[in-house]
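First the structure, in the form of structure tokens, and then the observations on it.
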Amino acid sequence: MNDKLAAGASLGEKGDVQNSAPPPPPSRTSLIPKEYDFYKVVQDYLDRAAKVANIEGYVRTILSQPKNELIVNFPVKMDSGEVRLFKGYRVQHNNLLGPFKGGMRYHPQVSLDDVKALAAMMTWKSALMRLPFGGGKGGIKFDPHSVSRMELQRITRRFTHSLGENIGPEYDIPAPDVGTNSQTMAWMMDTYSNMVGSAQKQSVKGVVTGKPVSSGGTLGRTKATGQGLVYCILEWAKEKSFDLEGSTMSVQGFGNVGSHTAVILSKLGVSTIAVGDHTGYMFNPEGFNAHKLQDYVEAHGSISGYPGGKAITREEFFATKADIFAPCALENQIGEMEARALDVKLVGEGANGPCNPAGEKVLLDKGIDVLPDVLANSGGVTVSYYEWVQNKRSESWGEDEVDARLETAMKRAYREVSDFARNKKCDMRVAAYAIALARIESVYKEREIFP
Ligand code: NAD
């Protein structure tokens, strides 16, 4: 830990509140009930979208369940010598359009049903973005902050080994998600490449995406999800004739997606005035220095103790007036109460499933626009595809090229979803699902059902 920052020393940054003493720990309260059936929520949207797009009943039936659900229990020797058993999941929802594709989540609340919901959403995202991928998701139920780096490495390697041939560059391709990052992917790729034998070792880099650039990753992947969200916000602003310069934003979750969204938007003149993560919430009416806050979180693991803002409650965070709210943490964060409290023009879903259906209804009734997850955070899987292509071709593209391709892809998807929603008089989430379903249906109709 950086002692200087931990002691609450002023960072002297422009716009940040200057504290001479450490701020009080941010408050954490939750308004969200624990019981939440994320999988049923995704199923309900599937049903609504299938009706709007007039999808054949048998296609809807196939897509209502994942193709494969894998649970592995594996032992890991901890630093203390104790052996702990971990539970890992990989759900492979659909691979009609290409290999299963989706992130690996390390979090204490990982459950089979949530992973099923997230895997299905990956199927819709790949189809919406016209990627030759299907959908998958996985993870391990534990708190990655509670183990040492060496333990984290052993857990990741043993998990990868347990998954064995259930992953592969032409079969199922993991990527980072909550609690995992490029380092996790480097360990997974290294473990997998040591499992396949010397002759194939060099050709399996594409078994995961989101790797460090020097280990076969692509430039632009780390920020890709945030960058993709920003391209969507830019399209929304153009459509609504809204001037982003001088506007304000609040961000929940300041990890990969939240911090990059804030940093990129800060360059466009959007100031982040409220932030929150698993440790609490903070407010700065002058705007946080997104770069410095990102560096701080990188060094300390959370926003806790950051000297550039005032601690606020979760309720105060949601009631903060801003132009844009970017939920970039977890699912089921915006229920009815949060939605009633929100005083913004746009909710851009960096996270998967941050609005629950009741919350979304309140937002839409209030006239708040919602950029749905399946569209808004699909920049991650899109650039993962670019990484996979580069690995196949032994190429490395420049960051400008990656960004330019992503911009074209996100803006096209935004237009398709926005036009569909307007023409069919449905909301953008149902539109995004419907476009994806129609693409998948057309392939089922061409290929028909084996045998
Ligand atoms: P991350 O681990 O880098 O960051 C997660 C953030 O959420 C952290 O700031 C954490 O403190 C915060 N958080 C966790 N629990 C919280 C709680 N109870 N209340 C408030 N904040 C909490 O993860 P990430 O990769 O940035 O993913 C964030 C979201 O974006 C997830 O829903 C993920 O599925 C989605 N997503 C990520 C990617 C990607 O490329 N990483 C792509 C698409 C979607």
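The values are calculated or read from the model by the stated rules, or taken from the named source; none is laboratory data. The structure presented is a predicted model; accordingly, all values stated were derived computationally and were not measured. With ideal geometry, Cβ positions are generated from the backbone for all residues, glycine too; neighbour counts draw on all protein chains shown.
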Those residues of segment 146-164 which are within 13 Å of residue 73 (Cα to Cα) and among the hydroxyl-bearing types (Ser, Thr, Tyr) amount to 156, 160, 162
Near pairs, Cβ below 6 angstrom, 6+ apart or cross-chain, from segment 343-367 (closer than 23 Å to residue 242 by Cα) to any residue that is of a type in the set (Ser, Thr, Tyr): 350/261
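Yes/no per residue for (1) in contact with a Leu (Cβ under 7 Å, 6 or more places away or on another chain); (2) within 11 Å of the ligand (Cβ to nearest atom); (3) assigned to a strand (DSSP E or B); (4) more than 23 Å from residue 256 (Cα to Cα):
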{"position": "316", "(1), (2), (3), (4)": "no, no, no, yes"}
{"position": "325", "(1), (2), (3), (4)": "yes, no, yes, no"}
{"position": "331", "(1), (2), (3), (4)": "no, yes, no, no"}
{"position": "340", "(1), (2), (3), (4)": "no, no, no, yes"}
{"position": "347", "(1), (2), (3), (4)": "yes, no, yes, no"}
{"position": "402", "(1), (2), (3), (4)": "yes, no, no, no"}
{"position": "405", "(1), (2), (3), (4)": "no, no, no, no"}
{"position": "417", "(1), (2), (3), (4)": "yes, no, no, yes"}
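So is residue 295 charged (D, E, K, R), in contact with a Phe, Trp or Tyr (Cβ under 9 Å, 6 or more places away or on another chain) and under 28 Å from residue 105 (Cα atoms) or not? Don't jump to the end; show me each part of the working.
Values: charged (D, E, K, R): yes; in contact with a Phe, Trp or Tyr (Cβ under 9 Å, 6 or more places away or on another chain): no; under 28 Å from residue 105 (Cα atoms): yes.
Spelling it out, it is not the case that residue 295 is charged (D, E, K, R), in contact with a Phe, Trp or Tyr (Cβ under 9 Å, 6 or more places away or on another chain) and under 28 Å from residue 105 (Cα atoms).
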I'm told residue 367 meets every condition in (1) more than 16 Å from the ligand (Cβ to nearest atom); (2) on the phi < 0 side of the Ramachandran plot except one. Can you identify the failing condition by its number? (2)
I'd like to check something: does segment 413-432 contain any residue that is of a type in the set (Ser, Thr, Tyr) and more than 19 Å from the chain's Cα centre (by Cα)? yes
Output the qualifying pairs, or none if there are none: Cβ atoms under 9 angstrom, residues six or more apart or on different chains, first residue in segment 437-451 and basic (Lys, Arg), second residue at pLDDT 95 or above. 439/97; 439/127; 439/128; 439/130; 445/56; 445/59; 447/96
Report every pair of residues separated by at least 6 positions or lying on different chains whose Cβ atoms are under 7 Å apart, first residue within segment 258-287 and charged (D, E, K, R), second buried (at least 22 other Cβ atoms within 10 Å of the Cβ). 277/253; 277/254; 277/303
Name the residues in segment 102-119 that are part of a helix (DSSP H, G or I) and either near the ligand (Cβ under 9 Å from one of its atoms) or within 22 Å of residue 209 (Cα to Cα) (or both), would you? 114, 115, 116, 117, 118, 119
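Suppose we filter 341, 329, 351 for residues that are within 30 Å of residue 143 (Cα to Cα), surrounded by fewer than 24 Cβ atoms within 10 Å (Cβ to Cβ) and among the hydrophobic types (A, V, I, L, M, F, W, C); which single one remains?
Details: 341 fails: within 30 Å of residue 143 (Cα to Cα); 351 fails: surrounded by fewer than 24 Cβ atoms within 10 Å (Cβ to Cβ).
Checking each option against the conditions leaves just 329.
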Taking the options 218, 225, 248, 272, name whichever one is at pLDDT 95 or above, within 12 Å of the ligand (Cβ to nearest atom) and of a type in the set (Ser, Thr, Tyr). 225
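Has segment 91-98 got any residue that is within 16 Å of the ligand (Cβ to nearest atom) and either touching an Asp or Glu at 6+ places or on another chain (Cβ under 6 Å) or over 20 Å from residue 179 (Cβ atoms) (or both)? First the steps, then the outcome.
The first filter runs over segment 91-98 and keeps only residues within 16 Å of the ligand (Cβ to nearest atom), leaving 91, 93.
Of the ones still in play, those that are also either touching an Asp or Glu at 6+ places or on another chain (Cβ under 6 Å) or over 20 Å from residue 179 (Cβ atoms) (or both) are 91, 93.
Within segment 91-98, one or more residues are within 16 Å of the ligand (Cβ to nearest atom) and either touching an Asp or Glu at 6+ places or on another chain (Cβ under 6 Å) or over 20 Å from residue 179 (Cβ atoms) (or both).
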Considering only residues that are touching a Gly at 6+ places or on another chain (Cβ under 8 Å) and more than 16 Å from the ligand (Cβ to nearest atom), which ones fall in segment 171-191? 172, 189
From the list 155, 140, 71, 167, which residue is touching a residue at least 40 places away in the same chain (Cβ under 8 Å) and within 14 Å of the ligand (Cβ to nearest atom)? 140
Looking at (1) surrounded by fewer than 19 Cβ atoms within 10 Å (Cβ to Cβ); (2) more than 16 Å from the ligand (Cβ to nearest atom); (3) assigned to a loop (DSSP other than H, G, I, E, B), find the lone condition where residue 307 falls short. (1)
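Confirm whether residue 292 is more than 9 Å from the ligand (Cβ to nearest atom) and free of Cβ contacts under 8 Å to residues at least 12 places away in the same chain.
On the way: more than 9 Å from the ligand (Cβ to nearest atom): yes; free of Cβ contacts under 8 Å to residues at least 12 places away in the same chain: no.
The answer is no for residue 292.
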Would you check if there is a residue in segment 202-211 being of a type in the set (Gly, Ala, Ser), on the phi > 0 side of the Ramachandran plot, more than 16 Å from the ligand (Cβ to nearest atom) and at pLDDT 95 or above? no
Could you tell me which of the residues 396, 384, 442 is small (Gly, Ala, Ser) and outside any helix (DSSP H, G or I)? 396
Has segment 181-198 got at least one residue that is of a type outside the set (Lys, Arg), buried (at least 21 other Cβ atoms within 10 Å of the Cβ), outside any helix (DSSP H, G or I) and within 21 Å of the chain's Cα centre (by Cα)? no
Filter segment 99-121 down to the residues that are surrounded by 23 or more Cβ atoms within 10 Å (Cβ to Cβ) and of a type in the set (D, E, K, R), then identify the one that is farthest from residue 182 (Cα to Cα). 114
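Okay, residues lined up against (1) in a helix (DSSP H, G or I); (2) surrounded by fewer than 20 Cβ atoms within 10 Å (Cβ to Cβ); (3) of a type outside the set (Phe, Trp, Tyr); (4) in contact with a strand residue (DSSP E or B) (Cβ under 6 Å, 6 or more places away or on another chain):
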| site | (1), (2), (3), (4) |
| --- | --- |
| 220 | no, no, yes, no |
| 230 | yes, no, yes, no |
| 237 | yes, no, yes, no |
| 245 | no, yes, yes, no |
| 249 | no, no, yes, yes |
